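The values are calculated or read from the model by the stated rules, or taken from the named source; none is laboratory data. On a predicted model such as this, the values are computed, not experimentally measured, just so you know. Here Cβ is always computed from backbone atoms with ideal geometry, including for glycine, and neighbour counts include all displayed protein chains.
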Amino acid sequence: MITGLPNNSGWHVNHKRAERTWRREGLKVPQKQSKTGRLWLNDGSCVRLRPEGSNHDWSYDLFQDRTHGGRIFRTLNIIDEFTKEALVIRVKRRLNSTVVADALTDLFILRGPPEYIRSDNGAEFIAKKVRAWIGAVGANPAFIVPGLPWENGYCESYNARFRGQLLNGEGFTTLREAQILIERWRRHYNTVRPHSALGYRPPAPKSIVPIDQSPTMH
């Protein structure tokens, strides 16, 4: 990822050189993760819903942190599993089924409904109001098996980066400060941060429209 940042900015850097520089500066090099097996049913079939394109499969989950003084706030994280884009992070002291439905409504208006929406079995996600709204717009809920968070692996991976790259290093004084800094991080995550699954490109890089510099006819 670190190698991808300068490369995306026009600097051609070899990943080995980047790693040597990283080690020389005393920075931590993450250890390689061990491979994880697939989830199989008793009949030998594999349970896996894979995204087939943009807006095919969304995932959403709730996350929790605290502002200065110990007060809890929660975030509703919604991602597109195929593009890896963080569609929204809704930050509030309390999150219920109404907030979930409102956040989904905003995205449905902006992007249209996906084919599937994956989530766990929390009360906010299985509430009749949320399920009815998802079905009314033509999407299909895809609930994971209780106690198996790895079935929501895309969102779990995103949550780990959200925690490690932002929440662990930021102390939020107020809820409003948390909302502003989290939204700033979401935009950076989408437009700047390289993703290995995307060839070390960001999910939604900024588009620059050049000014027409063609000579003016007099």
Restricted to segment 38-73 and to residues being part of a loop (DSSP other than H, G, I, E, B) and of a type in the set (Gly, Ala, Ser), the residue modelled with the highest pLDDT is Gly70
Residue under question is Thr83, and the condition is that it be closer than 23 Å to Gln165 by Cβ, surrounded by 16 or more Cβ atoms within 10 Å (Cβ to Cβ), of a type in the set (Ser, Thr, Tyr) and touching a Ser or Thr at 6+ places or on another chain (Cβ under 7 Å); does it hold? yes
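Would you confirm, using the coordinates I've provided, whether Lys28 is surrounded by fewer than 10 Cβ atoms within 10 Å (Cβ to Cβ) and at pLDDT below 65?
no
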Of the residues in segment 56-80, how many are more than 18 Å from Glu156 (Cβ to Cβ) and either surrounded by 18 or more Cβ atoms within 10 Å (Cβ to Cβ) or not polar (S, T, N, Q) (or both)? 8
The conditions are (1) surrounded by fewer than 16 Cβ atoms within 10 Å (Cβ to Cβ); (2) modelled with pLDDT of 75 or more, and Lys35 fails exactly one of them. Which is it? (2)
Which residue out of Arg187, Arg193 is closer than 20 Å to Thr83 by Cα, in a loop (DSSP other than H, G, I, E, B), within 14 Å of the chain's Cα centre (by Cα) and modelled with pLDDT of 75 or more? Arg193
Grab the helices (runs of 4 or more DSSP H) fully contained in segment 96-147, keeping just those with 3 or more residues being modelled with pLDDT of 80 or more. 97-111, 128-136
